[in-house]
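Novice: Would you mind keeping the following structure in view while I ask a few things?
The values are calculated or read from the model by the stated rules, or taken from the named source; none is laboratory data. None of these values were measured; they are calculated from a predicted model. Using ideal geometry, Cβ is built from the backbone for each residue, glycine included, and neighbour counts are taken over all protein chains shown. Only protein heavy atoms, including side chains, enter the accessible area calculation; ligands, DNA and RNA are left aside. Shrake-Rupley method; radii C 1.70, N 1.55, O 1.52, S 1.80 Å.
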2 protein chains.
Amino acid sequence: MSKLRKIILPESEIPRQWYNIQADMPTPLLPPLHPATKQPVGPADLAPLFPMDLIMQEVSKERWVDIPEEVLDIYKKWRPTPMFRAYDFEKMLDAPVKIYYKYEGTSPSGSHKPNTAVPQAYYNKKAGIKRLTTETGAGQWGSALSYACQHFGLELEVYMVKISYLQKPYRKIMMNTWGAEVIASPSDRTEAGRKILAADPNSNGSLGIAISEAVERAVMREDTNYSLGSVLNHVLMHQTIVGLEAVKQMEMAGDFPDVVIAPFGGGSNFAGLALPFLHQKLVNGKKVKLLASEPASCPKLTKGEFRYDFGDTVGMTPLMPMFTLGHNFMPPALHAGGLRYHGGSPIISQLMRDDLVHAEAIQQLECFKAGVMFAKAEAILPAPEATHAIASVIRQAEEAKQEGKERVILFNLCGHGHFDLQAYEDYFAGKLQDHYFTDEQLYANLKELEDIAIPA
Amino acid sequence: MSKLRKIILPESEIPRQWYNIQADMPTPLLPPLHPATKQPVGPADLAPLFPMDLIMQEVSKERWVDIPEEVLDIYKKWRPTPMFRAYDFEKMLDAPVKIYYKYEGTSPSGSHKPNTAVPQAYYNKKAGIKRLTTETGAGQWGSALSYACQHFGLELEVYMVKISYLQKPYRKIMMNTWGAEVIASPSDRTEAGRKILAADPNSNGSLGIAISEAVERAVMREDTNYSLGSVLNHVLMHQTIVGLEAVKQMEMAGDFPDVVIAPFGGGSNFAGLALPFLHQKLVNGKKVKLLASEPASCPKLTKGEFRYDFGDTVGMTPLMPMFTLGHNFMPPALHAGGLRYHGGSPIISQLMRDDLVHAEAIQQLECFKAGVMFAKAEAILPAPEATHAIASVIRQAEEAKQEGKERVILFNLCGHGHFDLQAYEDYFAGKLQDHYFTDEQLYANLKELEDIAIPA
């Protein structure tokens with residue numbers, strides 16, 4: 001009898017509620033502050049951007065939140081997603097580890113992003129909204145929201161970071177196929193974009209700038225809302241379906257992870273897999289380490305400062321309490337575009353402070369090397385974002401080998417790399433480099449931030 | 001209770017034998033003939049190209065052939081593949097149809113091709129072979145074999161049709177990531193390639209030319225074999241795992257298809273899904289129509305002639321009895337690269353003659369229109385090859401509507417279109433055209449063929 005490679009949760013066993021970590025956080029979240037008054041924002045302040053259902057989820061302290069039937073029905077197009085035991089990768093690493101991975105690449109757009117795109121489109125449609133705006137970096141989020149808007153009959157404007165717009169035409173075509181309009185950012189459609197272009201007509205753009213543009217467009221129009229693919233509390237909550245499935249699947253496998261690893265950009269990828277395991281730790285007393293794997297070229301968790309900062313470059317969003325490199329931080333060009341964000345989500349940032357979450361920063365050459373090893377062993381070509389988690393897995397395996405003790409590892413293979421193969425080609429051709437900051441480079445933007453006190 | 005979208009066969013229920021239609025064909029296959037002597041070839045004649053295990057499968061009349069444990073173990077990385085009920089597409093078509101599709105896009109290379117790549121690599125490795133050669137058009141087959149060779153530790157040379165090599169760099173990078181060498185064909189590595197280049201230095205290549213090159217390289221070297229991704233009997237047999245799973249899944253769904261549809265290039269895609277249903281018809285008396293959907297720009301089944309012809313352009317392969325447009329037929333540039341082959345597999349050709357298989361030819365604008373509709377409804381972006389089947393499904397739905405009678409349709413969504421998005425962009429931009437042949441264009445190559453009698 002040969003071994004089973006996949007742990008498959010039946011469609012009938014799909015989780016019917018999201019998990020809200022705010023119910024269980026030892027230290028409650030600090031409130032977001034109004035960008036002008038610096039006073040805590042209330043639900044009404046967010047109403048120009050988000051429908052009330054999502055605003056209520058943002059501040060909810062209910063532990064379990066029902067997933068609407070209409071959302072579940074769409075989830076079932078690809079959920080539950082498979083969990084794999086990485087037998088061949090284990091053999092390649094030759095270490096005393098059992099490696100499991102949750103694979104989110106089977107979704108329509110090829111990553112975990114539709115898990116929140118679908119409910120966000122649904123709640124906006126329900127609120128009578130006609131159009132959404134959003135930003136996208138590598139294109140994962142824009143694609144996911146394009147599909148979700150297509151399904152619910154919403155229009156969508158996607159502001160795509162210009163460097164990605166130029167380097168990833170396929171992602172743009174994918175969004176167009178699902179009916180979205182894609183605009184290279186910075187653009188001349190917005191005040192924010194025009195200001196950036198005036199200062200630097202050749203600007204490659206950044207996630208922060210694209211967010212400013214998308215927010216401005218949503219604020220300008222009555223029937224238009226804005227949608228964000230990570231960072232916010234409700235986004236992280238939607239992603240917990242990944243981890244809730246994984247908890248059940250680990251149970252089916254008769255195992256429990258010593259360490260749970262996921263890539264870290266804004267935080268939703270990591271939170272999606274990790275928070276349901278943190279629930280197991282906080283509520284059920286399980287022992288597990290949660291490890292966020294971030295790029296050394298944008299090291300907000302490991303090198304950033306915990307403080308209030310804006311979510312966007314221009315400063316239109318509320319101020320959020322988070323580990324940040326400063327909202328003007330411009331990461332060096334890097335192919336793991338989805339991780340190029342200056343700050344970490346408030347939830348994960350607070351959990352870091354409380355020592356419930358750990359992080360490490362990894363250089364891209366180590367990541368691509370890990371990605372190619374994984375592709376050769378396990379056959380799936382990982383997205384550059386996902387290679388960060390794989391590199392962390394290899395480090396864990398080496399530790400376990402030195403320790404001589406078995407370690408059970410679970411990681412989030414958050415997406416495939418089908419639209420990122422140019423990055424692999426550049427890696428093979430020796431064109432990619434690691435990136436080392438001087439302290440001055442790293443902290444220049446932080447120094448310019450206005451000081452807003454944080455309770456100790 | 002909401003409806004189930006997926007019909008999932010547990011990994012433990014994976015079929016453990018392939019189905020060999022040669023056991024049940026009403027008319028036995030005509031033998032392949034030696035290219036020089038025009039006499040039937042025996043196993044020994046094929047030994048310079050293939051390992052004996054595959055040669056024996058090629059001529060076997062056993063109904064069920066065991067799948068080696070080593071192959072099953074790799075299949076389980078993505079098999080059993082899901083079957084979906086296309087609720088949203090049904091709704092869009094507004095016709096009395098139930099539409100099911102088997103989705104092969106979850107494999108490592110994104111199509112059904114690894115189903116035969118893995119056993120072919122396995123049997124060659126077992127025979128002590130060090131290196132394989134092959135051709136690839138759109139890149140689906142080359143990618144699949146690259147992964148399989150990587151797994152079993154074989155080297156691989158892929159001759160990639162030059163136009164695809166230039167238009168699809170991502171496919172090339174994918175093959176490189178799995179360790180294969182990719183050469184644009186025609187190349188100067190072979191006699192065959194040099195001859196073509198001498199006549200036309202700007203040749204875009206074709207599958208037929210690439211096959212000639214790969215075969216020549218394999219014949220030249222002792223430790224090297226050749227591997228073909230379609231057409232041959234053993235290839236079709238390996239693909240029956242698709243249909244064997246589908247038969248079980250239809251049973252799980254409590255349904256049986258009135259019509260089974262798949263795209264047709266060389267025949268393995270179609271055979272994989274259809275032949276196990278033909279088995280249900282021949283052996284169990286079930287009623288089902290099998291419909292091959294081929295491109296109007298390469299219409300061998302609907303417009304070709306049943307006769308002996310070569311599998312390659314130069315005439316190095318055995319002569320095979322098949323529906324063909326002539327081995328020098330050069331299809332117009334078309335994005336569904338995987339279907340650009342001049343002939344149909346001997347098995348499917350013989351079944352066509354015996355009226356057990358039907359075919360229709362579809363123009364590409366109808367196919368892309370169908371593909372975009374499907375993507376909007378079902379979320380999966382289909383490969384251009386797969387859009388042919390989808391177009392046929394829409395035709396079936398229209399027929400059912402006119403007839404006012406329910407029809408159950410099953411089709412093979414043989415792969416995703418992640419590497420084919422340029423074709424969608426060209427379609428949106430109005431750059432694609434339908435193609436109509438004059439009889440002279442269509443039959444010019446057939447007239448030049450040497451006449452070899454076929455028994456009536």
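Novice: When only C-alpha pairs under 8 Å and at least 6 residues apart count, what is the relative contact order of the stretch B:1-141, in percent? Walk me through the numbers on the way to the answer.
Specialist: Details: 135 pairs, mean separation 37.4, N = 141.
Here the relative contact order equals 26 percent.
Novice: Counting only DSSP beta bridges with both residues in the stretch A:76-171, tell me the antiparallel percent, nearest 5.
Specialist: Around 35 percent antiparallel, to the nearest 5.
Novice: Starting from 0 in steps of 20 Å, tell me what percent of the Cα-Cα pairs of the protein assembly as shown lands in each bin.
Specialist: 15, 47, 30, 8, 0
Novice: Please compute, for peptide A:139-152, the average count of beta-carbon atoms on other protein chains lying within 10 Å of each residue's beta-carbon. Numbers along the way, then the final one.
Specialist: Numbers: counts 0, 0, 0, 0, 1, 0, 0, 0, 5, 1, 0, 4, 4, 0.
If you average over the peptide's residues, the count of other-chain Cβ atoms is 1.
Novice: Further, regarding this structure: Once you order the gyration tensor axes a ≥ b ≥ c over the Cα atoms, which shape class does the stretch A:328-439 get: rounded for a/c under 1.5, otherwise prolate or oblate by comparing a/b with b/c? Intermediate results must be reported in sequence, preceding the final value.
Specialist: On the way: a/c = 1.64, a/b = 1.05, b/c = 1.56.
Here the stretch A:328-439 falls in the oblate category.
Novice: Given labels modelled 7 Å from the Cα in the Cβ direction, how far is it in nm from A:ALA36 to A:MET56?
Specialist: It is 2.8 nm.
Novice: Sticking with this structure for a sec: Output the peptides A:56-62, B:394-400, B:228-234, B:199-205 sorted from most to least packed, where packing is the average of other Cβ atoms within 10 Å over each peptide's residues.
Specialist: On the way: A:56-62: 16.0, B:394-400: 18.7, B:228-234: 25.7, B:199-205: 13.6.
Averaged packing, sorted descending, gives the order B:228-234, B:394-400, A:56-62, B:199-205.
Novice: Which of the residues in the stretch A:1-34 show a loss of at least 10 Å² in accessible area from their chain by itself to the complete set of protein chains, at a probe of 1.4 Å?
Specialist: Buried-area filter returns A:MET1, A:SER2, A:LYS3, A:LEU4, A:ARG5, A:LYS6, A:ILE8, A:GLU11, A:SER12, A:ARG16.
Novice: Let me ask you something else. Using the Cβ atoms and a cut-off under 10 Å, what net charge is assigned to the surroundings of A:ALA383, where Lys and Arg are +1 and Asp and Glu are -1? Numbers along the way, then the final one.
Specialist: Working: positive: none; negative: A:GLU104, A:GLU385, A:ASP420.
The answer is -3.
Novice: DSSP beta bridges in the protein assembly as shown, what fraction antiparallel, as a percent rounded to 5?
Specialist: Close to 35 percent.
Novice: While we're on this one: For A:176-183, what's the mean count of beta carbons from other chains sitting within 10 Å of each residue's beta carbon?
Specialist: Numbers: counts 5, 11, 5, 3, 0, 0, 0, 0.
Mean partner shielding for this stretch: 3.
Novice: Where a ≥ b ≥ c are the square roots of the eigenvalues of the C-alpha gyration tensor, would you call the stretch A:1-133 rounded, which needs a/c under 1.5, or, failing that, prolate if a/b is larger than b/c, or oblate? All intermediate terms of the calculation are to be shown ahead of the outcome.
Specialist: Numbers: a/c = 2.57, a/b = 1.80, b/c = 1.43.
In terms of gyration-tensor shape, prolate.
Novice: By how many nm would the segment from A:ARG221 to A:THR302 grow when fully extended, if each residue of separation counts as 0.36 nm and the alpha-carbon distance is taken off? Show your work: numbers first, answer last.
Specialist: Working: separation 81, 0.36 × 81 = 29.16 nm, distance 3.87 nm.
Full extension from A:ARG221 to A:THR302 adds 25.3 nm.
Novice: Then there is this: Give me the accessible area of B:ARG16, 1.4 Å probe, in Å² rounded to the nearest 10.
Specialist: Accessible area, nearest 10 Å²: 90 Å².
Novice: When DSSP assigns beta bridges and you keep just the ones with both residues in the stretch A:273-416, what percent turn out antiparallel, to the nearest 5? Before the final figure, lay out each step's value.
Specialist: Details: 8 of 13 bridges.
Looking only at bridges with both residues in the stretch A:273-416, the antiparallel portion is about 60 percent.
Novice: Taking the mean number of other Cβ atoms within 10 Å as a proxy for protection, how do you rank A:261-274, A:127-140, B:354-367 from highest to lowest?
Specialist: On the way: A:261-274: 32.1, A:127-140: 24.1, B:354-367: 19.4.
Going by the mean number of other Cβ atoms within 10 Å, highest first, we get A:261-274, A:127-140, B:354-367.
Novice: Of the listed peptides B:83-91, A:287-295, what is their order by residue-averaged count of other C-beta atoms within 10 Å, with the highest listed first? Before the final figure, lay out the partial values.
Specialist: Numbers: B:83-91: 19.4, A:287-295: 22.8.
The packing order, highest mean first, is A:287-295, B:83-91.
Novice: With a 1.4 Å probe and every protein chain kept in, tell me what percent of the accessible surface of chain A is carbon plus sulfur.
Specialist: On the way: 7800 of 15390 Å².
Its accessible area is 51 percent carbon and sulfur atoms.
Novice: Here is a follow-up. Using a/c under 1.5 as the rounded threshold, could you call the stretch A:385-456 rounded, prolate or oblate? The axes a ≥ b ≥ c are square roots of the C-alpha gyration tensor eigenvalues, and prolate needs a/b larger than b/c, oblate otherwise.
Specialist: Working: a/c = 2.10, a/b = 1.31, b/c = 1.60.
The shape class here is oblate.
Novice: For the rotation taking A to B, I'd like to know which residue in chain A has the C-beta closest to the axis, plus that distance in Å.
Specialist: Nearest Cβ to that rotation axis, in whole Å: A:HIS418, 2.
Novice: In nm, what does the list of distances from A:GLY404 to its counterparts in the other copies look like, shortest first, when each label sits 7 Å along Cα to Cβ?
Specialist: Distances to the matching label points in the other copies: 8.2 nm.
Novice: Note the distances from A:LEU282 to each other copy's matching label point, with points 7 Å along the Cα-to-beta-carbon direction, in nm, sorted shortest first.
Specialist: Sorted ascending, the copy-to-copy spacings read 6.2 nm.
Novice: May I pose another question? Distances from A:ASP188 to the same position in the other copies: list them in nm, one decimal, shortest first, using label points 7 Å from Cα along Cα→Cβ.
Specialist: 4.9
Novice: Would you tell me the mean number of C-beta atoms belonging to other protein chains that fall within 10 Å of each C-beta in A:166-173, as a whole number? Each step should come with its number before you reach the end.
Specialist: Working: counts 0, 0, 0, 3, 9, 1, 2, 11.
For peptide A:166-173, the averaged partner shielding equals 3.
Novice: Now, a different point. Which net charge results when you count Lys and Arg as +1 and Asp and Glu as -1 among the other residues whose beta-carbon is under 11 Å from that of B:GLU191?
Specialist: On the way: positive: B:ARG189, B:ARG194, B:LYS195, B:ARG217; negative: B:ASP188, B:GLU213, B:GLU216.
With Lys, Arg at +1 and Asp, Glu at -1, the neighbours total +1.
Novice: Report the per residue volume, in Å³, of the convex hull enclosing the C-alpha atoms of chain A.
Specialist: On the way: hull volume 63.8 nm³, N = 456.
That works out to 140 Å³ per residue.
Novice: When only C-alpha pairs under 8 Å and at least 6 residues apart count, what is the relative contact order of chain B, in percent? Present the calculation step by step, with values, prior to reporting the outcome.
Specialist: On the way: 980 pairs, mean separation 85.0, N = 456.
With pairs under 8 Å counted, the relative contact order is 19 percent.
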